[in-house]
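Working notes, beginning with the structure itself.
Derivation of every value follows stated rules applied to the coordinates shown; laboratory data play no part. All values reported here derive from a predicted model rather than from experimental measurement. Note that we place each Cβ from the backbone using ideal geometry, even for glycine, and neighbour counts take in every protein chain shown.
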C-alpha cells in the first residue's frame, strides 16, 4: 500500500489543551475502532490524552465532539473525544486504476467516566508492554 499526500477540507487544527501533545503515546496493534458508531477504522497510537486513527470514510468537522469506540479484548471501550486534526491520504492498492482515500484523524479525549478511564489506562499498559516486547525481539535479531 502506498500513501499519496493529499489535502482535506478538515485539514485545519483546532485549539487544544496546552499539554495534550506532551502525553506519552503508545503505538498500538491494529485494533478496530468506530467513530460515532458508523465510521470504521484502525487505531494507530494511543495516550491518556487522545488517539490517532485511520478512517475509511470522511470524518466529522474539526472541533466536533465524537465517541471513539475501541474494540479490545472482547469488549468495546467508549471514549468521549473531540476532533483535532484530519488529513486525507490517497491509497493506491496494487494495480487498481483508482485508489481510495483514507483519513488520518487525531482525537483529543474529553473527560471519560471512571470505568472508561480505568480501561483506557489498562489498554495503554497492555499495548506498551506489547510494543516493548516487539522492540526487544527486533533487537535480538540484529
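Assorted remarks:
- Treating r as the C-beta distance of residue 87 and residue 115 and R0 as 41 Å, the FRET efficiency rounds to 0.80.
- Here the residues 102, 58, ranked from fewest to most Cβ neighbours within 10 Å of their Cβ, fall in the order 58, 102.
- Linear extension gain, residue 71 paired with residue 38, 0.36 nm per residue minus alpha-carbon span: 10.5 nm
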